[in-house]
Structure formats: structure tokens, C-alpha cells
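Below is one structure, written out as C-alpha cells; comments come after it.
Every read-out reported here was derived from the displayed coordinates using simple, explicitly stated rules and does not represent laboratory data. From a predicted model like this one, the values you see are computed outputs, not experimental measurements. FYI the Cβ positions are ideal-geometry reconstructions off the backbone, even for glycines, and counts take in every protein chain you see.
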Amino acid sequence: MIIRRKASSLGLALLASCTLLTPAISVADNKVKVGMITTLSGGGAGLGIDVHDGFMLAIAQSGNKNIEVVVEDDQRKPDVAVQLADQMIQSEKVDVLTGIIWSNLAMAVIPSATAQGKIYLSPNAGPSVLAGKGCHPNYFNVAWQNDELHEAAGAYATDEGYGKSFILAPNYPAGKDALTGYKRYFKGEIAGELYTKLGQTDYAAELAQIRASDADSVFFFLPGGMGISFLKQYSGSGIELPVVGPAFSFDQGILQAVGDAALGIKNTSQWNKDIDNPTNAAFVESFQAEYGRLPSLYASQGFDTANLLLSAMDKAEVDDTEAFRAALKLADFKSVRGDFKFGNNQHPVQDIYVREVIKEGDVYTNKIIATALSDHADSYAADCSL
């Protein structure tokens, strides 16, 4: 396994020195070069680092020496991501691309990469257009389609009897998908709807509008540092409306920064550390041992993405594009989520859970309390011609 570190802002060591376990490859000399473009600096760095760490942990545990991973920091800038993708495709000659966190970056990179014959495995961003009419045989999403966790939040809010939700999200593709997804499954009224600036940290104006509304609940999607800022300000605002959101706003890294203000809040996710299967238990234990922290949703997605890739390498040569795509579509790997399968548009069909923020000792985390949607396929699959 050759791993090349190119992102100077990456604040952790790669796993080149990890103890390698039993190899999981049977196709001779099936060498694959992976280009990982992800966010490793700035306000969203924690998300990209977690995806990276989960991915590299799976590679190290596999013992597969036929993978070379080239890592670059997109700085959460679409133009940087495009430049890096062009470099990886044209100069580095990568076979597979992965790693992008943000949907605006995904939309800038993925259509061009797949059109050039490259496989893209998304460990996070799932823009609606790429799940529907813009689906492509070279594009696989291992996480979710953007709307799904928000759809589950809308279903949960309805089940709880909330009648008027105030909803807000950043003004970029994933934010628009988020509010669309929530409204699709929420059966009450929308008391207010706001799109905030991507990367925003001051929410005084938004909190004033929430306070002035007749809402009985608040739904927000604000990943990374945005969510930390909003939750802290919400807690100090005196507003006492119940909050519902997706896991992205209540994930492991965010919770440690927010603290008690997040306790008891319900959020939706396709993964949690207490999903009861041996693969997940081993993943949580090994990730914590390797990195000294609990894994996040993003880390679990990076781990599954790498294991999907490894499973395809075990069945087909990457140069045989049709066979390799068929091996990916088969998804013959042990997921931290349990049984894993793709729908016709190569996005997961999966259970989505309701989690509650709790405290275990000194650590803020989540526990599963219910299943919001079972065996759930995204709402755009019918528009995909695959």
C-alpha cells in the first residue's frame, strides 16, 4: 500500500505504518489508484478528516497493498476541487475518485469526472440531481441521497405531533435538498423558511425571526462549524421550542463543542455507534483505539466506502469498467450499517433512525431510540434511467 500525503494542511498522520492484516484480494495485480479530494482545513475540516480516517482505517485493516491513495485538501472551494480533480485525472492517472463532503463541490467535480470514464464513490455528498435524471453508471453514493435524513426528520416531527415548524438551512445544493426533504414528509405547516449563508456563524437575525414566529418546533440543517455556532446561540436565546435535525447538525465532533445545550435533542441518521452488528462494534472499537476519539457518521461512511472499493477489487480488474461497476453494484461487503444494498440509481436503500443526544461520562454522543424510515429509497430513483 503506497500512500502519498500531498495536503500540507492535513493535521494527522496517514496510516502507512499501521499493522497490516490478512489480505482480502484474489484478483492478481489489480492495482487501483485512488484520488481523495476532501476538506482538511477551515470550518469543515472535521468532516473531511473523519471521512479520511475511516477510509484509511479500512484500507489498513484489509492489508491490501494494491491501493495507492493520493490525498488533497479542497479547502471547501469549488474551484480548488475542480483543479485538483483535473490534476488527478490527467496527471496522476487515478482510477477512482472519492472524498468530497460538500454538495456544491460535488456538483463541480463529479459530472466531469464520470464523463471522463472515472469511477466516483461518494462518502458523503448526495445532490438530488445526481440521484435522478443526472445519475451515471460511474457514480455510486455510499452514504445517502441528500434529502433522506431530512425526510426522516420530517416523519419524526409529524409523529411527535408538531404542527408548525420553522426551518432553515444553508443556501447551497444540500441545504435546498434538506428543506425539500423535510417538507416532503412533514405534514404540518411551515411557520418560516430561511436559507442562510454557507459558512455563516452569526444567527442573531434568524433567531429573532424564529422568536417572532408562531412555530411550535424548529428544524435546521447546519453542518460543521455552522451547527456549533447556531446551537450555542439558540441555547442562549431563551427560545424553548423543541429542535429536530439531521445527524449532520448533531454529530460526534459538533456535540463536544456544543455541550449540554444539545442534550435531549432528537436527530436522524442511517448510522450510530450502537447499531448492533459485529462489523460496527469492531469499527467503533478500532477507530477509537487508532485515533483516540469516537467515530462520527462521516468516519463510518469513509469506512464503508473503502470496504465497498475493496470488495469490487476482489472480483474484477479496475480496467474492466463494466465488470468493476457490476462488482461495486453488488456491494458484497460487511457494512457498519448491517445489510447494505444499492437501489437502481446506485444510492443506498436503508433504515434511518431517530437518535437522542446523551452524555456518557464526559463524552456527548447519541443513542438510537427509534426507526424513522425502514428500507428507505430516495425520492429521485424513479427518474434515473440506470
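Okay, here's what the table says:
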item	result
Equivalent-ellipsoid semi-axes of the stretch 203-307, from the Cα gyration tensor, Å, largest first	31, 13, 11
Square roots of five times the Cα gyration tensor eigenvalues for the stretch 245-319, Å	29, 14, 11
Cα lying deepest toward the dipole's positive end in the chain, options SER335, TYR139, PHE230, charges on Cβ	TYR139
Dimensions in Å of the stretch 115-198 - Rg and Dmax from alpha carbons	14.8, 49
Value of D in µm² per second that Stokes-Einstein yields for the stretch 234-386, Kirkwood Rh from Cα pairs, at 25 °C (0.890 mPa s)	143
The stretch 43-87 and the stretch 129-196: distance between their alpha carbon centers, rounded to Å	26
Karplus 3J(HN,Hα) series, Hz, for the stretch 123-128 with 6.51 cos²θ - 1.76 cosθ + 1.60 (x for Gly, Pro)	x, 7, 3, x, x, 4
J(HN,Hα) series, the stretch 36-45, from Karplus relation 6.51 cos²θ - 1.76 cosθ + 1.60, nearest Hz, glycine and proline x	9, 10, 8, 8, 10, 8, x, x, x, 4
Positive-end extreme of charge dipole, the chain - chosen from ALA215, SER128, TRP271 (charges on Cβ)	SER128
Translational diffusion coefficient (Stokes-Einstein; Kirkwood radius from C-alpha pairs) of the stretch 291-378 at 10 °C, 1.306 mPa s, in µm²/s	106
For ILE100, residues with placed amide H under 5 Å, excluding near neighbours	ILE37
Sequence-distant residues sharing a close amide H with ILE119 (under 5 Å, placed H)	LEU97
Cross-link table LYS273/LYS341; LYS232/LYS334; LYS232/LYS273; LYS164/LYS266; LYS118/LYS197, entries beyond 28 Å C-alpha to C-alpha	LYS232/LYS334; LYS118/LYS197
Highest-MSF residue in the chain out of GLN75, GLN83, GLN350 [GNM, Cα springs under 10 Å]	GLN83
Estimated dipole of the chain in Debye, rounded to 20 [Cβ of Lys and Arg +1, of Asp and Glu -1, Cα centre]	480
Residues with amide H under 5 Å from that of LEU373, placed H, sequence gap 5 or more	ILE352
For the stretch 97-113, 3J(HN,Hα) per residue [Karplus equation, 6.51 cos²θ - 1.76 cosθ + 1.60, θ = phi - 60°, Hz, x = Gly/Pro]	10, 7, x, 5, 8, 9, 5, 5, 6, 4, 5, 7, 10, 5, x, 5, 5
The chain, Rg to Rh (Cα coordinates; Rh as Kirkwood inverse mean 1/r)	0.96
Three-way shape label, the stretch 157-229, alpha-carbon gyration tensor, a/c 1.5	oblate
Globularity ratio of the stretch 47-150, using Cα Rg and 2.2 N^0.38 Å	1.04
